[in-house]
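The values are calculated or read from the model by the stated rules, or taken from the named source; none is laboratory data. Remember, it's a predicted structure, so these values are computed and weren't measured experimentally. Cβ placement follows ideal geometry from the backbone for every residue including glycine, while neighbour counts extend to all protein chains displayed. Only protein heavy atoms, including side chains, enter the accessible area calculation; ligands, DNA and RNA are left aside. Shrake-Rupley method; radii C 1.70, N 1.55, O 1.52, S 1.80 Å.
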Amino acid sequence: MEQAAAVDPILDLARPSTLRNPYPAYARMREARPVFWHELLGSWVLTRHADCLAVLTDSHRFASDWRRAGEDIPAPLLSVQTLDPPEHTAIRHLLLDGFRAQDRQALHDDLDGQIAELLAELAPRPSFDLVGELAEPVALRFVTAFLGVPAPELDWFVPMSRTVVDGMDAGLWPEKHEPAVAARAELAAYAGGWLADPPKGGLIAHVAEHAADSGVAETVLRNSLRAVLHAGYESASRLLGNAAAALLTTPGALAAFRETPSTAVDELIRYDAPVQADARVCVTDTELGGVTMRAGDPVTLLLGAANHDPLRFDHPAELRLDRAPNPHLGFGRGAHACLGASMAIRLTGSVLGALAGEYPDARAVAEPDHRRNLTLRGLDRFEVTLRPDTGEEVRP
């Protein structure tokens with residue numbers, strides 16, 4: 001595997017050394033061949049911002065629903081994430097209406113209180129795992145509170161969620177596909193139970209009340225609620241982990257966060273986004289990036305590379321918390337832009353703001369460990385401390 005990874009630009013991204021910082025590898029791809037065909041993936045690969053943006057915003061020529069290219073898609077995969085207009089429009093509008101109907105200020109106030117309490121519990125300890133003890137539990141509580149349902153047990157949900165994420169890289173590791181399909185089905189069944197006995201408040205209550213008039217198939221509705229739970233949790237927890245790692249391993253960054261909070265989270269998304277790749281399928285012959293893509297050709301968008309494209313961002317390798325404007329593609333664009341982006345941004349801003357304001361001595365105890373995922377980038381573990389630096393060694 002290591003020998004193959006040394007010569008293959010995509011497999012190279014999975015090497016531990018590259019996982020820590022994939023952006024030089026993206027730059028090499030972009031400089032050598034910004035659009036290229038990858039045999040193992042069986043897909044065109046795009047690395048430039050302009051090309052990725054063109055695909056994301058053109059659902060007529062590039063489909064998220066692979067049935068438009070003749071593919072047989074399993075029922076557990078049909079959701080708001082995988083349907084295209086006009087089917088996509090009905091479920092997206094139903095969910096968006098449900099998002100807008102929530103008392104977001106009350107949810108945010110409750111979130112801020114939970115963050116303050118959890119940080120106060122963690123602060124006296126010599127160190128703790130920011131991923132497992134802060135990012136994951138806070139993200140799951142926030143997303144399920146928005147949905148209006150109790151949070152499931154982390155010990156059950158987190159492995160299930162990670163199995164789904166592992167399946168996003170099944171083009172490279174096919175053995176990850178079937179477990180991911182099964183995990184999606186289990187999560188969809190879990191989410192489907194909410195509709196059978198809906199809560200009195202939250203997004204689920206709104207969806208249950210309006211489902212009959214929406215024209216959305218029950219299977220798609222159930223799968224879409226599963227997608228909101230899973231994508232909301234993964235986007236929020238991984239963004240928070242990546243952003244905290246960037247702040248706590250870059251000298252002066254945590255202090256600088258206090259000065260530019262309105263632009264800082266956007267820059268942290270651009271700098272090390274959780275969503276590193278997305279996929280579409282070409283549905284009509286198209287010229288893009290100097291090549292001809294044929295109907296039926298898969299297209300892989302390396303959004304992590306696009307967010308570091310020097311043609312779009314000055315000095316992209318630098319973390320500039322006051323960068324503006326910042327047209328990153330961290331949460332997509334177009335019809336399939338991430339529904340839960342605002343939740344992930346709010347959660348990240350709240351936690352990092354609390355750290356910068358109340359715990360300015362927060363720092364890394366060890367290098368962050370990254371999970372072996374290429375589509376969704378995130379940490380496996382990140383040991384940190386909130387205690388002042390006394391010059392003594394801090395042991396986890």
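Structure data summary
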{"quantity": "Residue ID - nearest to L221 (Cα to Cα), chosen from residues in the stretch 97-143 that are open to solvent by 40 Å² or more (accessible area, probe 1.4 Å) and aliphatic (A, V, I, L, M)", "calculated": "A101"}
{"quantity": "Test: residue in the stretch 344-361 that is in a loop (DSSP other than H, G, I, E, B), touching a residue at least 12 places away in the same chain (Cβ under 8 Å) and surrounded by 16 or more Cβ atoms within 10 Å (Cβ to Cβ)", "calculated": "yes"}
{"quantity": "Any hit, the stretch 70-83, residues being out of contact with any Cys (no Cβ under 7 Å at 6 or more places or on another chain), surrounded by fewer than 15 Cβ atoms within 10 Å (Cβ to Cβ), at pLDDT below 95 and of a type in the set (D, E)", "calculated": "yes"}
{"quantity": "Condition met for H88 (modelled with pLDDT of 90 or more, open to solvent by less than 50 Å² (accessible area, probe 1.4 Å) and within 29 Å of A27 (Cα to Cα))", "calculated": "no"}
{"quantity": "Test for L319: is it open to solvent by 20 Å² or more (accessible area, probe 1.4 Å), within 21 Å of R162 (Cβ to Cβ) and under 21 Å from the mean Cα position of the chain (by Cα)", "calculated": "no"}
{"quantity": "Residue in the stretch 25-49 that is surrounded by the fewest Cβ atoms within 10 Å (Cβ to Cβ), counting only those that are part of a helix (DSSP H, G or I) and in contact (Cβ under 8 Å) with a residue 40 or more places away in the chain", "calculated": "A27"}
{"quantity": "Identity of the residue in the stretch 152-165, of a type outside the set (A, V, I, L, M) and within 19 Å of G241 (Cα to Cα), that ends up most open to solvent (accessible area, probe 1.4 Å)", "calculated": "D155"}
{"quantity": "Residue in the stretch 322-335 that is most open to solvent (accessible area, probe 1.4 Å), counting only those that are part of a loop (DSSP other than H, G, I, E, B) and within 14 Å of C52 (Cα to Cα)", "calculated": "R333"}
{"quantity": "Yes/no for V149 being open to solvent by 10 Å² or more (accessible area, probe 1.4 Å), closer than 15 Å to G378 by Cβ and in contact with a helix residue (DSSP H, G or I) (Cβ under 8 Å, 6 or more places away or on another chain)", "calculated": "no"}
{"quantity": "Search result, residues across the stretch 271-289 that are crowded, with 23+ Cβ neighbours inside 10 Å and among the β-branched types (V, I, T)", "calculated": "V275"}
{"quantity": "So R184, is it at pLDDT 90 or above, within 21 Å of the chain's Cα centre (by Cα) and open to solvent by less than 50 Å² (accessible area, probe 1.4 Å)", "calculated": "no"}
{"quantity": "Conditions (1) of a type outside the set (A, V, I, L, M, F, W, C); (2) out of contact with any helix residue (DSSP H, G or I) (no Cβ under 7 Å at 6 or more places or on another chain); (3) within 30 Å of G349 (Cβ to Cβ); (4) surrounded by 20 or more Cβ atoms within 10 Å (Cβ to Cβ): number failed by Y190", "calculated": "(4)"}
{"quantity": "Count of residues meeting criterion [closer than 17 Å to L78 by Cα and within 25 Å of the chain's Cα centre (by Cα)] in the stretch 197-223", "calculated": "5"}
{"quantity": "Single match in L301, L311, L268 (criterion: part of a loop (DSSP other than H, G, I, E, B), touching a helix residue (DSSP H, G or I) at 6+ places or on another chain (Cβ under 8 Å) and under 23 Å from R333 (Cβ atoms))", "calculated": "L311"}
{"quantity": "Condition check for G132: among the small types (G, A, S) and touching a residue at least 12 places away in the same chain (Cβ under 8 Å)", "calculated": "yes"}
{"quantity": "Options A145, A139, A151; residue that is outside any helix (DSSP H, G or I), of a type in the set (A, V, I, L, M, F, W, C), closer than 14 Å to V228 by Cα and out of contact with any Gly (no Cβ under 6 Å at 6 or more places or on another chain)", "calculated": "A151"}
